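The values are calculated or read from the model by the stated rules, or taken from the named source; none is laboratory data. Only a predicted model underlies this, so the values are computations on that prediction, with no experimental measurement involved. When we count neighbours, we look across all protein chains shown, and the Cβ atoms used for this are built from the backbone with ideal geometry, even at glycine. The protein model used for the area step is the full one, side chains on, heavy atoms only, and it has no ligands, DNA or RNA in it. Shrake-Rupley method; radii C 1.70, N 1.55, O 1.52, S 1.80 Å.
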Amino acid sequence: MRPSVQEMIARSNGKKNKKIIEKIIPIILFLIASVSVLTSIGIVLTLIVETITFFTRVPFFDFIFGTTWLPFSNKDAQFGILPLIVGTLKVTLIATVVAVPIGIAAAIYLSEYASENVRRVLKPILEVLAGVPTIVYGFFALTFVTPILQSVFPEIKIFNAISPGIVVGIMIIPMIASLSEDAMSAVPKSIREGALAMGSTKFEVAWKITVPAALSGIIASVVLAVSRAIGETMIVSLAAGSTPRFDGDFTGSIQTMTAYIVQVSKGDAGYGTTIYYSIYAVGFTLFVFTMMMNVLAGYVSKRFREEY
Amino acid sequence: GTETGETSSETAGDEAVAEGTVAGDGSSTVAPIMEGIVEEYAGAQPDVKVTVGTSGTGGGFEKFIQGETDFSNASRPIKEEEIASLQEAGIDYTEFQLAFDGLSVVVSQENDWVEDLTVEDLKKLWVEDGTTKKWSDINPEWPEEEVVFYAPGTDSGTYDYFNEVILEDEDLVSSATLSEDDNTLVQGIQADPNAIGFFGYAYYVANQDTLKVVSIDGVEPTNETIESGDYAPLSRPLFTYANNAALADSDAAYDFMKYTLENAGAMAEAVGYVALPQEAYDKGLADLEALK
Amino acid sequence: MTTIMTKKTVTETRSTEIAKKAVYETNQLNLWYGNNHALKNIDLEIKENEVTAIIGPSGCGKSTYLKTLNRMVELVPSVKTSGEILYRGRNIFDQDYGVEELRTRVGMVFQKPNPFPKSIYDNIAYGPRIHGIKNKKILDEIVEKSLRGAAIWEEVKDRLNDNAYSISGGQQQRICIARALAIEPDVILMDEPTSALDPISTLKVEELVQELKKDYSIIIVTHNMQQAARISDKTAFFLNGEVIEYDHTDTIFSNPSDKRTEDYISGRFG
Amino acid sequence: MTTIMTKKTVTETRSTEIAKKAVYETNQLNLWYGNNHALKNIDLEIKENEVTAIIGPSGCGKSTYLKTLNRMVELVPSVKTSGEILYRGRNIFDQDYGVEELRTRVGMVFQKPNPFPKSIYDNIAYGPRIHGIKNKKILDEIVEKSLRGAAIWEEVKDRLNDNAYSISGGQQQRICIARALAIEPDVILMDEPTSALDPISTLKVEELVQELKKDYSIIIVTHNMQQAARISDKTAFFLNGEVIEYDHTDTIFSNPSDKRTEDYISGRFG
Amino acid sequence: MRYIEHQQVIKRMNGRLLVNRIFKVIFLAATLLALLALVILLYRIVTQGAGHLSIEFLTNFASRFPEKAGIKAALIGSLWLMVVVAPTSIILGVGSAIYLEEYAKQNRITSFIRMNISNLAGVPSVVFGLLGLTIFVRAMALGNSILAAGFTMSLLILPVIVVASQEAIRSVPGELRDASYGMGATKWQTIVKIILPAAIPGILTGSILALSRAIGETAPLIVIGVPVIIQFLPAGVMDTFTALPMQIYDWSSRPQQEFQTVAAAGIMVLMAVLLFMNSIAVIIRNKFDKRY
Ligand SMILES: Nc1ncnc2c1ncn2[C@@H]1O[C@H](COP(=O)(O)OP(=O)(O)OP(=O)(O)O)[C@@H](O)[C@H]1O
Ligand SMILES: Nc1ncnc2c1ncn2[C@@H]1O[C@H](COP(=O)(O)OP(=O)(O)OP(=O)(O)O)[C@@H](O)[C@H]1O
Ligand SMILES: [Mg+2]
Ligand SMILES: [Mg+2]
Ligand SMILES: O=P([O-])([O-])[O-]
């Protein structure tokens, strides 16, 4: 007869390494979890160190208030970032105008009107849109959307803010739709039923009950999507052109912060030149912009969370 | 792209010499030639791994100075500062000429007024002077439309060259779309009758169906006019600069460079540049031989 | 198991009741959730200005029946029905009977208080507003009247702009009742309205129901037999989707005619 | 509300029981979830090879006490305890008492069947394996023995490689009992093990418990008084975190000494 | 006194129902519009690229001749990239998730890490490129190697994997955990033997979706300086390489119109790879959905 299980257990538990593993594993996992913190620190340090070098060459105020971005000039290079910010905002504005109504409308349809089956099919398909690589969108903007726009509005140039704006908008629709739908689905069914039982139409329920109740989530989704639009790179690099301009024209070539970084990276970012450091200063500005949007999104969804 | 670019691989290739890696970077103007050579060379010497970046002439030299590359392509001669840096880094190098490039000034085919511009016209158009340029400023008969400018990235060799001979170190008009991406330029100019731009001759050749080339002081860029020097001042030689130590130490680097010089002329023609006279390649091969 | 049911109408004996009109007449109602036959041949007549209680063990179909009366049950996609429910003489399953219209006539109060995540005022004004009443003064009047009607005016009159979720569960439930009153319905359906409440709030709601029956017909589902006995005029006992017995509440509780009713009421199962 | 409790030990009257040793002695145990004082001055002595039932209304601390016996309660971060629990004479709160060791000696069965999403075989072999038993033959033996011990061997012996979720809830619960048996524990703690089961499965588990007490000491939490009466030797009645009464089950159910016990048992509250 | 006129209500009802119907159509149209965009995009790319798709396209290296241009180096390069990214990002991501879900105490450091991860998810990819360029390419001197690009991409998708894994771990029922602890299992045994196996479908699904993001990202590769003129396959993670999106970007920015077709064909290959990965994710999700 074999020894009892408890005896066997006692024998094998005599070995000590179980205890050591239990002590070491949390430390290892903590170190692994710290990688994300290191990454953030790495990003911030990388950007800050090179940006500081940049500011030893270009005065800080010239950078943030300058309205001319002319980095490649031989005689009189100018690094006023406002034109790049304006370019970024143009694309973001158009993307927002395209994506917010469509995204929210789709979210309302999915959460309020569509049957469970329809939603289960449509939502993942919509999310495929979010998984399409941006290079593909860029190619699409340049070779399809722009020519169509030009055939309708001849004054639109081959590089412009509108076409990439629209396509960036298409790209962020799923983000708004999906996150807003989540927020709206989180509104308890019982509240919806309460409204329906009073004789509300579905639209009244959606518009007067669900949307207001989910507003913080919807706004947060929009803010996150806008943040994505600000940081979007390939679509604008391919289709928006590379002319930093401080004006309100959407039909001609512009340049965004991201596209500038790509432009310099593709070309001659002679290590140690002011131009080289300028991409970090621009990157840092971009980082600050998107970080502000992310913090804002977090704040909105916390601060304005509806209780129910 | 023309079909004539299939070069022979008689010489260097047959011996199946080397294995190893060869790294180059630099001018995107030279890139089409290099791309062709690398492609053919890979057929001849599959064990040699050649990578060629396209960081632009200046960017290429930067890496060359850091010792990161074995050769560096350039669409202008090396600058004094770059020579100094190389000396400081203890890097000996040799300059090889690869081909001629005609810098082509092009407009859209929808542009039915410009045929010819003088060097002065070009300067007037391209220099930043605070005004908004209209076609009618050059010739009152031309439309009173704003000129739309396209130019290669300002830090490219192509730009440097244009800068030197046309702008004479004045600033390029600030409304220009600058792009390292040649397709950006081609597409932009194609689509807009008021556009004007310049870039390497090869890119014009590749897109001659959709673009219209402007003659300069009455001379249109062609193989003949470029080689003969009649297309002035907008034609220039293209170079590659090789690290002497790399050529001496690495069979692969030596073999690749030899192959390059043997095939550069044919490849240049194939991709739309103009070959140098054969003597120039022979001289290069002799210089190379001496370094072995 | 096929019991042929004869139409359950309470034998009217007391003279005062003979005059009362029926608000709902349910004839041979059957309802399926997919294949689950949840209501079987229901026949019930519900009189106006009475409190009708529906009792029965869990899963017997009480909520389902209640939700059929205002067609809320149709929100479940798999639902199929047969038979008819006449509301004020008209079949609510008629093609051209608008559910929205039906539901403005028939208010509903749910098991768990479900105020809208809005201010107390906006909760009450919601119904009138969707029916097109915009005048602020009239709305104010309606809000006050409804809150008074739900016996909660005194408690909330100073905090009408507070979020409805900032008050206690019992208060929330009365807000929901007030919300239903605001559109001046004809019938009020209540599905275990006190099951989520503490005893004191329960008492308040029970009193309120007694009060409301002057003006409204009330149908209330409850799992609490004492409650049914306390507040209702008639009681229907459901079991396995069938109506086992339907009679005056006194009769049901003192002298049930079906053995199963008796067993249930005396706590022998459920 | 501070009732000073005197240690609850059952007055041993029957001669057979005097020999039985205590497995657990709980002395002045207090437990807090944050500020919620969930167990108050508990004193209990639990004897070996007996079934001890713990009854009481919801929230009285039954589960908490049970989970304290194998220190599972410490998985809730806010928990603080005072007092001592001697298991086989040694205080389980001692610094150097390893929880893993304790839990190896004390098996636990939960309210909802919670087999691992693995094969039936792997479920049973889990315990032996984590404690270092790798020999396939020995594992096979343990699996068979445990399944037989849990009276489910015949039902599953041909499907040992099926996922444990492919069998019925009642079978799953017995798999969980078998899983606990596999490490041959000394004590088995059961927290309402039949509350999620149908009557027939419940019966099987109850029979099993009766069977198991030959070899194990069993402490079972139940909300079902009939069950406590049917299967336990001793019963402890908890109320508001206190032990109100602890005695032989017969005594508790026939002749409780505390009014509150009587009220609870006769269904007057809870 | 009645405030609500029933007749009035009935009269208004038709209008309200009409509004409801109109908006339903609008909302549906918006949803379909978004889907239509996807359909057009795919249709457009397929019609453009299908003609160029062939076995040779998959087995040829890039070429200066559009008709010979193939995607071999980029396809294999992308796979190599995954060889680095998949283990790196999954180990880091799942490890972080386990730490946060199972070990972390509710304190400042933990909430800082959480906040940090959600913020990292919002950092533009081009900024990750700058990080990779500075830290991996330059400071750690990894050059444009697969390793440098792989590390960069791993950090880029790390937040996605962490969040997906956290959710997967969180969705493992607490009862299983209790059961394991109740048997005397240690924490790590419980994690390895119970929690991870139960969470693996969710973790895999999230990881695959994250990896497909890494396969499609272009901007960080450009910033790092991944070359495209490459005629060989990498032999190890220290070799330089090119990747699908990089190659597509290069083709789409070439001046010759024919290369647009090649770019579209390249996109089809990229999309096929993504579709393949996504379907695996879906299969895993469906297969393991709701087992307890
Ligand atoms: N949405 C639904 N989908 C499918 N079946 C349902 C649904 N709602 C209820 N059922 C089924 O219909 C039957 C009756 O349910 P109903 O909710 O009407 O019971 P009830 O008497 O209200 O019970 P309780 O007292 O628990 O509220 C039950 O068998 C239930 O499972
Ligand atoms: N994880 C926890 N965190 C905080 N408080 C808890 C936790 N678990 C239980 N409690 C509280 O401790 C008290 C006792 O709970 P316990 O679960 O032990 O009761 P119980 O007698 O088992 O009840 P039931 O019959 O409902 O299972 C209750 O007040 C409960 O709210
Ligand atoms: Mg119900
Ligand atoms: Mg419990
Ligand atoms: O790439 P460049 O030849 O213009 O330097």
Requested in this report: Output the number of the condition that A:Y137 fails; it satisfies all remaining conditions of (1) open to solvent by 50 Å² or more (accessible area, probe 1.4 Å); (2) touching a residue at least 40 places away in the same chain (Cβ under 8 Å).
Outcome: (1)
Requested in this report: Could you tell me whether B:K79 is surrounded by fewer than 22 Cβ atoms within 10 Å (Cβ to Cβ) and closer than 18 Å to E:V228 by Cβ?
Outcome: no
Report summary line: Among helices (runs of 4 or more DSSP H) entirely within the range D:164-270, at least 2 residues that are touching a strand residue (DSSP E or B) at 6+ places or on another chain (Cβ under 7 Å), within 16 Å of ligand 2 (Cβ to nearest atom) and open to solvent by less than 20 Å² (accessible area, probe 1.4 Å) occur in D:259-265
Report task. Run down E:S171, E:S207, E:S165 and say which single residue is more than 9 Å from every other protein chain (Cβ to nearest Cβ), open to solvent by 30 Å² or more (accessible area, probe 1.4 Å) and more than 30 Å from B:V38 (Cβ to Cβ). Result -> E:S171
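Residue by residue through the range B:62-76, note down the ones that are assigned to a helix (DSSP H, G or I) and in contact (Cβ under 8 Å) with a residue 40 or more places away in the chain.
If the condition is that a residue be assigned to a helix (DSSP H, G or I) and in contact (Cβ under 8 Å) with a residue 40 or more places away in the chain, then B:F64 is the only one that fits.
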Query raised in the report: Could you say which residue among B:A286, B:A264 is at negative phi, open to solvent by 40 Å² or more (accessible area, probe 1.4 Å) and modelled with pLDDT of 90 or more?
Result: B:A286
Report task. Considering each residue of the range A:131-179, count those that are within 13 Å of chain E (Cβ to nearest Cβ) and not in a helix (DSSP H, G or I), and give that number. Result -> 3
Query raised in the report: For E:L58, are the conditions met, namely being within 14 Å of chain A (Cβ to nearest Cβ) and on the phi < 0 side of the Ramachandran plot?
Result: no
Query - Residue ID - least open to solvent (accessible area, probe 1.4 Å), chosen from residues in the range C:43-78 that are outside any strand (DSSP E or B) and away from ligand 1 (no atom under 16 Å from the Cβ) - result: C:E50
Query - Meets criteria (within 12 Å of chain A (Cβ to nearest Cβ) and on the phi > 0 side of the Ramachandran plot) for E:G216 - result: no
Report task. Give the residues of the range C:123-171 that are among the basic types (K, R) and over 20 Å from A:V205 (Cβ atoms), sorted by residue number. Result -> C:K136, C:K137, C:K145, C:R148, C:K157, C:R159
**Report entry** Selection count where residues are outside any helix (DSSP H, G or I) and open to solvent by 10 Å² or more (accessible area, probe 1.4 Å), scope the range E:142-159
**Finding:** 3
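Residues are listed down the side, and each one gets a yes or a no for (1) aromatic (F, W, Y); (2) free of Cβ contacts under 8 Å to residues at least 60 places away in the same chain; (3) within 14 Å of chain A (Cβ to nearest Cβ); (4) not in a loop (DSSP other than H, G, I, E, B):
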{"position": "D:K80", "(1), (2), (3), (4)": "no, yes, no, yes"}
{"position": "D:P115", "(1), (2), (3), (4)": "no, no, no, no"}
{"position": "D:Y121", "(1), (2), (3), (4)": "yes, yes, no, yes"}
{"position": "D:I133", "(1), (2), (3), (4)": "no, yes, yes, no"}
{"position": "D:I138", "(1), (2), (3), (4)": "no, yes, yes, yes"}
{"position": "D:S146", "(1), (2), (3), (4)": "no, yes, yes, yes"}
{"position": "D:A151", "(1), (2), (3), (4)": "no, no, no, no"}
**Report entry** Residue match in the range E:185-202 (condition: open to solvent by less than 30 Å² (accessible area, probe 1.4 Å) and either part of a strand (DSSP E or B) or charged (D, E, K, R) (or both))
**Finding:** no
Query raised in the report: If we scan the range B:95-104, do we find a residue that is within 14 Å of chain A (Cβ to nearest Cβ), out of contact with any Ser or Thr (no Cβ under 7 Å at 6 or more places or on another chain) and open to solvent by less than 40 Å² (accessible area, probe 1.4 Å)?
Result: no
Requested in this report: Identify the single condition in (1) crowded, with 24+ Cβ neighbours inside 10 Å; (2) in contact with a strand residue (DSSP E or B) (Cβ under 8 Å, 6 or more places away or on another chain) that E:S89 does not satisfy, given that it satisfies every other one.
Outcome: (2)
Query - Test: residue in the range E:276-291 that is of a type outside the set (A, V, I, L, M), surrounded by 22 or more Cβ atoms within 10 Å (Cβ to Cβ) and on the phi < 0 side of the Ramachandran plot - result: no
Query raised in the report: Quick check: anything in the range E:240-253 open to solvent by 10 Å² or more (accessible area, probe 1.4 Å) and either more than 30 Å from B:T210 (Cα to Cα) or away from chain A (no Cβ under 13 Å) (or both)?
Result: yes
Query raised in the report: On the given criteria, is B:G58 surrounded by 16 or more Cβ atoms within 10 Å (Cβ to Cβ), within 15 Å of the chain's Cα centre (by Cα) and within 11 Å of chain A (Cβ to nearest Cβ)?
Result: yes
Query raised in the report: Mind checking which residues of the range E:58-83 are touching a residue at least 40 places away in the same chain (Cβ under 8 Å), among the aromatic types (F, W, Y) and part of a loop (DSSP other than H, G, I, E, B)?
Result: E:F61
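Yes/no matrix, rows are residues, columns are (1) outside any helix (DSSP H, G or I); (2) facing another protein chain (nearest Cβ under 9 Å); (3) open to solvent by less than 10 Å² (accessible area, probe 1.4 Å); (4) of a type outside the set (K, R):
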{"site": "B:D160", "(1), (2), (3), (4)": "no, no, no, yes"}
{"site": "B:L185", "(1), (2), (3), (4)": "no, yes, yes, yes"}
{"site": "B:G188", "(1), (2), (3), (4)": "no, yes, yes, yes"}
{"site": "B:F199", "(1), (2), (3), (4)": "yes, yes, yes, yes"}
